[in-house]
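Asker: Input: one structure, supplied below.
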Amino acid sequence: MIYVKKHKFHLIKKAVMKRIIFILAIALLIMGCASTQNAATTQAEIEQKINEQRYTFVAQSVVPTEDSRFNPRLMFPQGNNLYQLTSRYDLKVTPDSVTAYLPFFGRAFTAPLDPTKGGIQFTSTKFTYKKNIRKNNFHITILPQDVSEIQSIYLTISPSGYGSVQITSTNRTPISYHGIIETP
């Protein structure tokens, strides 16, 4: 009699587990379909905002360009140079201005006169903006003409909203950022 009760309990437990797994599988399927629909909307929004020049690049990681002469860690094949960012740093592009608030890790050849102006901080209202599409990615070149420290800004943006920014400066080593595109 005890064996029969244990056997029934085991069968009931097995049936409940099958139902739970079935419900979870259906829920995951529904969420997966919803996320692909949102991704398509996001791709269209990103393309529209890039064409309108109204977007913000939010940096999530930074890759400073360093020379192994100055950083012995880079002489080893496993030397990693990627730093994850925990605060919000961004590059905002609008039709009439480019505003940057980004950190800088690397070698500066001259020190800033104002110690509160660390990192890469500027607002440019006079700039050239060139956009090309190669391999479904947007390649954007921004050349600020009223900011003497920044020579060029190169953005590469994928249709899914991920991007990278490379900034070349006159007084600092080049630096790259990886992150996402936000549309206001």
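Since every read-out is calculated from the coordinates, none of them should be taken as a lab result. Computed from a predicted structure; not experimentally measured. Here Cβ is always computed from backbone atoms with ideal geometry, including for glycine, and neighbour counts include all displayed protein chains.
Asker: In whole Hz, what ³J(HN,Hα) sequence does the range 123-135 give by Karplus (6.51, -1.76, 1.60; θ = phi - 60°), x for Gly and Pro?
Answerer: 10, 10, 10, 10, 8, 9, 10, 10, 10, 10, 10, 9, 6
Asker: Among Y177, Y154, Y89, which comes first, second and so on when ranked by fewest other beta-carbon atoms within 10 Å?
Answerer: Values: Y177 25, Y154 16, Y89 19.
If I rank by nearby Cβ atoms, fewest first, I get Y154, Y89, Y177.
Asker: As a test of the definition: which semi-axes, in Å, follow for the range 53-182 when you take the square root of five times each eigenvalue of its alpha carbon gyration tensor? Largest first, please.
Answerer: On the way: eigenvalues 113, 75, 35 Å².
Ellipsoid semi-axes (Å, largest first): 24, 19, 13.
Asker: Let me ask something additional. Just want the ordering: F122, F109, F138, from fewest to most Cβ atoms lying within 10 Å of their own Cβ.
Answerer: Values: F122 16, F109 9, F138 19.
Lowest count first: F109, F122, F138.
Asker: Also: Within a 10 angstrom radius of the beta carbon, how do S148, S87, S158 rank from fewest other beta carbons to most?
Answerer: S87, S148, S158
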